[in-house]
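Chemist: Before we start, here is the structure in question, set down as structure tokens.
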Amino acid sequence: MNAETIYLDNNATTKVDPAVVEAMLPYLTTYYGNPSSMHSFGGQVGKAIQTARSQVATLLGAEDSEIIFTSCGTEGNNTAIRAALAAQSDRKHIITTQVEHACVMNVCKLLEKQGYTVTYLSVNRKGQIDLAELEAALTGNTALVTTMYANNETGTIFPIEEIGSLAKSYGAIFHVDAVQAVGKIPLNLKNSTIDLLTLSGHKLHAPKGIGALYVRRGFRFRPFMLGGHQERGRRAGTENVASIIGLGKAAELELTHLPQAVKQEKQLRDRLEKFLLTNIADCEVNGDPKNRLPNTTNIGFKYIEGEAILLSLDRYGVCASSGSACTSGSLEPSHVLRAMGLPYTILHGSIRFSLSRYTTDAEIDRVLEIMPGIIDRLRALSPFNSDAAGWLQEREEALAI
Amino acid sequence: MWDYTEKVLDLFYNPKNQGAIEVTEENDIAVVFGEVGSIACGDALRLHLKINVPADQILDARFQTFGCTSAIASSSALTEMIKGLTLDEALNVTNKDIANYLGGLPEAKMHCSVMGQEALEAAIYKYRGIEVEHHDEDEGALLCTCFGVSDNRVRRIVIENNLTTVEEVTNYIKAGGSCGSCLAGIEDIIIGVQEDKAATTARVEAELNRIQQTSRGLTTVQKITKIQQVLDEVRPMLLADGGDVELFDIDGDLVKVILKGACSSCSGSTATLKDAIETRLRDRVLPTLIVEAV
Ligand SMILES: Cc1ncc(COP(=O)(O)O)c(C=O)c1O
Ligand code: FES
């Protein structure tokens, strides 16, 4: 990666804040003791972990005892879903959505094979769920409602408290995958309906491979990882100390940065979006413009393919992502965009820019400078330039059957 | 990120022959295009050809592609490869040739090269007035409904590219890459092709054996006569260099010869000479003969 990298892929992962690295380093060098040890050399590390726990709790408006450190967002989601089902073992129904991350989706798919019924709530063109559909799906047999807070691809934010209230009224447990929300928008779990909430460090300027699970006090928690008594028996395994310290520091920094960062990211994102929409024909925003993460924009450029756009941007050092089939490693475009019912013309040419507090005005200027040329060049190569092209329409219909 | 070759990236960033070809009124010139894929599939190629009618030759080729980096590079590569070829020659271009031209493609992107080959075929068939839909090989039952792939097309791609796994088939023509309900069917085809191939190999081997048996059927006298004939042909050349060769004895497939004169003075040249005689004898008399200098 060269010095001029313009990193607009912060929903994939973020730059580790230098202050986080600095906080971590002593725990990789000097303080290498085991926090479970009976000597003070290890004990001081245990204290540092408690501080980190407290920092994470504060960011969420939670209590220290409600935070369990995990190895990542994926582990948090797996743990939460299993814990919820164990806590309500007589209930066999799960409600989730069609746009969840693979680590929720694939767990639900497996549970279906193990005797659970799963309802996958649909989303509309904006990626938003319908609360009436949720209410209709809820029964006394529903053990768990699990939804994301905000979508990683479009940034669409779900009406979390409304979902939670409905879930509560049927006695269901409510888990939220907040991996994309924590650090991007302020959260307060104090008076929330959320029982379980997942977060991941690498999305908020902490390292990869560290996360946390919020478990509401009083919840009958069953651990996923069995072994020693770490995390009060709720997550066995010797702690990833340095990363936990890093996550704590990142949470603390987020608390101070957040109000300003939200404003700055939103302003830059809006500028980027507005310029592209007005200066490039045949493109549109995918997602819910009203309820959306301030740092994310997902734009569909018609008649061209996303991977080709990404490679073109890459040449200028600009990092973004796409939900097109060719980038996914599978042959299908993103399940999120498909669930939204987007036409194929938009689907394959969708690009996500996701900003962070490190994103600058000059970087956005640079992207605006190069994007029109990139889109023009690829469109000049494409055989399509209008929705009316007969032969492709036929194929589209054929495939829809 | 995909591991693209320099050539792929070069043809993506600086594509050659992009665009359409103007239809012209010129005598003896025809302009056609062939198209495959669709927006729904995520890639599509429209290949334009300018054809010299009397010569049945491609004068110019251009492309319009909707697709990823490797789809664009494959299209551009194809146009470069086929310019100047006769239509019959062009029909021999395979997707493998396209991939090779690009210095290789990631496995999961092989379908981009397949798209090129198919568009070329579509254009030529269209020009020749053959309906692609009625093209023998693509007739057959729809096997993969997600990507609209027939069983015959799967069979063809398996044979042409020596594919042995379902995964490879998906990489080449996408079939099986979505709902997966056709995976078992694809597997059956692969097994069928492998069985056919094994049967063919067995037949070919039997045939070869038969041929060998016939020539093995030479009597020793016939063998000696033939060997002597060949040696007599070689001798004048050796004599000119001051050497000579003489048949000493025959023991089964072993032909013992005496190499003389200038040739025997240096071991290197003796070895070369022995090899040359052996090649000639194997070619003309029996492929199993071994020459030994005594
Ligand atoms: C919404 C969502 N959930 C879960 C995850 C998984 O988190 P991790 O990479 O820490 O396992 C991600 C990250 O890609 C995500 O975007
Ligand atoms: S039928 Fe082949 S992948 Fe669905």
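Chemist: Once B and A are treated as a pair rather than alone, how much accessible area drops out, both sides summed, in Å² to 100, probe 1.4 Å?
Modeler: 2900 Å²
Chemist: Going by average Cβ neighbours within 10 Å, how do the peptides A:13-19, A:310-316 rank, with the highest at the top? Numbers along the way, then the final one.
Modeler: On the way: A:13-19: 16.3, A:310-316: 19.1.
The packing order, highest mean first, is A:310-316, A:13-19.
Chemist: Sticking with this structure for a sec: Take the Cβ-Cβ distance between B:ASN100 and A:TYR316 as r, set R0 to 35 Å, and report the resulting FRET efficiency rounded to the nearest 0.05.
Modeler: 0.70
Chemist: Then there's this: Which three lengths, in whole Å and largest first, does the range A:36-109 cover when its Cα atoms are put on their principal axes?
Modeler: The principal-axis extents, from largest down, are 47, 26, 21 Å.
Chemist: Can you give the average number of partner chain beta-carbon atoms within 10 Å of each beta-carbon in peptide B:25-37, as a whole number?
Modeler: Mean shielding count: 1.
Chemist: Let me ask something else. Evaluate the charge dipole of the range B:1-133 about its Cα centre and quote only its size in Debye, nearest 20, assuming +1 on the Cβ of each Lys and Arg and -1 on the Cβ of each Asp and Glu.
Modeler: Computed about the Cα centre, the dipole is about 260 debye.
Chemist: Under a 1.4 Å probe, what is the accessible area of the range B:220-293 per residue, stated in Å²? Display every interim value, and only then the final one.
Modeler: On the way: 4090 Å² over 74 residues.
Here the residues of the range B:220-293 average 55 Å² of exposed surface.
Chemist: Quick one, what does Rg over Rh come out to for the range A:104-181 if you take C-alpha atoms and the Kirkwood Rh?
Modeler: Using only Cα positions, Rg/Rh for the range A:104-181 is 0.94.
Chemist: Just the Cα atoms of the protein assembly as shown: what Rg and Dmax do they give in Å?
Modeler: 34.5, 110
Chemist: Mind listing the phi-derived Karplus ³J(HN,Hα) values for the range A:171-184, rounded to whole Hz, using 6.51, -1.76 and 1.60 with θ = phi - 60°, and x for any glycine or proline?
Modeler: Ordered by residue, 3J(HN,Hα) equals x, 8, 7, 10, 10, 10, 7, 9, 4, 8, 9, 5, x, 10 Hz.
Chemist: Taking the mean number of other Cβ atoms within 10 Å as a proxy for protection, how do you rank A:111-123, A:251-263, A:191-203 from highest to lowest?
Modeler: Result, highest mean Cβ count within 10 Å first: A:191-203, A:251-263, A:111-123.
Chemist: Once you keep just the Cα pairs under 8 angstrom separated by 6 or more residues, what percentage relative contact order results for the range B:1-133?
Modeler: Taking the mean separation of contacting Cα pairs over the length of the range B:1-133, I get 28 percent.
Chemist: Taking H placed 1.01 Å from N in the peptide plane, check which residues at least 5 places from B:ILE290 or on another chain put their amide H under 5 Å from its amide H.
Modeler: Under 5 Å from the amide H of B:ILE290 lie the amide H atoms of B:LEU254, B:VAL255, each far enough along the sequence or on another chain.
Chemist: Taking amide H positions as placed 1.01 Å from N in the peptide plane, with prolines and chain starts having none, which residues 5 or more places from A:VAL118, or on another chain, fall under 5 Å of its amide H?
Modeler: A:ILE94
Chemist: Inside 10 Å of the C-beta atoms of A:301-310, what's the mean count of C-beta atoms belonging to other chains?
Modeler: 5
Chemist: Using the membrane-span-like helix rule (whole DSSP H runs, Cα extent along the own axis of at least 18 Å, mean Kyte-Doolittle hydropathy at least -1.0), which helices of chain A qualify? Let's see the in-between values first.
Modeler: Values: long enough: A:40-60 (30 Å, 0.27); A:73-87 (21 Å, 0.01); A:241-279 (49 Å, -0.16); A:361-381 (31 Å, 0.29).
Membrane-span-like by this criterion, though nothing is claimed about a membrane: A:40-60, A:73-87, A:241-279, A:361-381.
Chemist: Right, something else. Highest mean first, what order results for B:233-242, A:370-379 on Cβ atoms within 10 Å?
Modeler: The packing order, highest mean first, is A:370-379, B:233-242.
Chemist: By Kyte-Doolittle mean hydropathy of at least 0.5 and Cα axial length of at least 18 Å, which whole DSSP H helices of chain B are selected?
Modeler: Counting only whole DSSP H runs, the qualifying helices are B:69-82.
Chemist: May I ask for the net charge around A:GLY183, where only other residues with Cβ less than 12 Å from the Cβ of A:GLY183 are counted and Lys, Arg are +1 while Asp, Glu are -1?
Modeler: Net local charge, A:GLY183 excluded: -1.
Chemist: Next up: Along the positive direction of the dipole of the protein assembly as shown (beta-carbon charges: Lys, Arg +1; Asp, Glu -1; about the Cα centre), which of A:THR139, B:ILE130, B:VAL8 reaches farthest?
Modeler: Among A:THR139, B:ILE130, B:VAL8, the one farthest towards the positive end of the dipole of the protein assembly as shown is A:THR139.
Chemist: Once a ≥ b ≥ c are taken as the square roots of the eigenvalues of the Cα gyration tensor of chain B, is the result rounded (a/c under 1.5), prolate (a/b larger than b/c) or oblate (a/b not larger than b/c)?
Modeler: Taking the square roots of the gyration eigenvalues as a ≥ b ≥ c, chain B is prolate.
Chemist: Using the crude model of +1 on Lys and Arg Cβ and -1 on Asp and Glu Cβ, and no other charge, please compute the dipole size for the range A:163-233 relative to its Cα centre, in debye to 20. All intermediate terms of the calculation are to be shown ahead of the outcome.
Modeler: Working: 10 positive and 3 negative charges, 25 e Å.
Rounded to the nearest 20 debye, it is 120 debye.
Chemist: Please give the average number of partner chain Cβ atoms lying within 10 Å of the Cβ of each residue in B:68-80, rounded to a whole number. The partial results should precede the final answer.
Modeler: Working: counts 14, 9, 4, 5, 7, 1, 0, 1, 1, 0, 0, 0, 0.
That average works out to 3.
Chemist: With θ set to phi - 60° and the Karplus curve 6.51 cos²θ - 1.76 cosθ + 1.60, what are the ³J(HN,Hα) couplings of the range B:21-38 in order, to the nearest whole Hz, using x for Gly and Pro?
Modeler: The phi angles translate into 10, 4, 5, 10, 9, 3, 5, 6, 10, 10, 10, 9, 9, x, 9, 9, x, 6 Hz.
Chemist: Please list, in order along the range A:121-129, the HN-Hα scalar couplings obtained from phi with the Karplus expression 6.51 cos²θ - 1.76 cosθ + 1.60 (θ = phi - 60°), rounded to whole Hz, x for Gly and Pro.
Modeler: For the range A:121-129, the Karplus curve yields 5, 7, 10, 8, 4, 8, x, 9, 7 Hz.
Chemist: What residues have an amide H closer than 5 Å to that of B:GLN18, excluding those fewer than 5 places away on the same chain, when H is modeled at 1.01 Å from N in the peptide plane?
Modeler: For B:GLN18, whose amide H was placed from the backbone, the distant partners under 5 Å are B:PHE63.
Chemist: Moving on to the next point. Given a cut-off of under 8 Å on Cα pairs at least six residues apart, what relative contact order in percent is computed for chain A? Let's see the in-between values first.
Modeler: Numbers: 780 pairs, mean separation 85.3, N = 401.
Taking the mean separation of contacting Cα pairs over the length of chain A, I get 21 percent.
The values are calculated or read from the model by the stated rules, or taken from the named source; none is laboratory data. These numbers were taken from a predicted model, which means no experiment stands behind them. Virtual Cβ from ideal backbone geometry, glycine too; neighbours counted across all protein chains shown. To get the accessible areas, we keep the full protein, side chains included, count just its heavy atoms, and leave off ligands, DNA and RNA. Shrake-Rupley method; radii C 1.70, N 1.55, O 1.52, S 1.80 Å.
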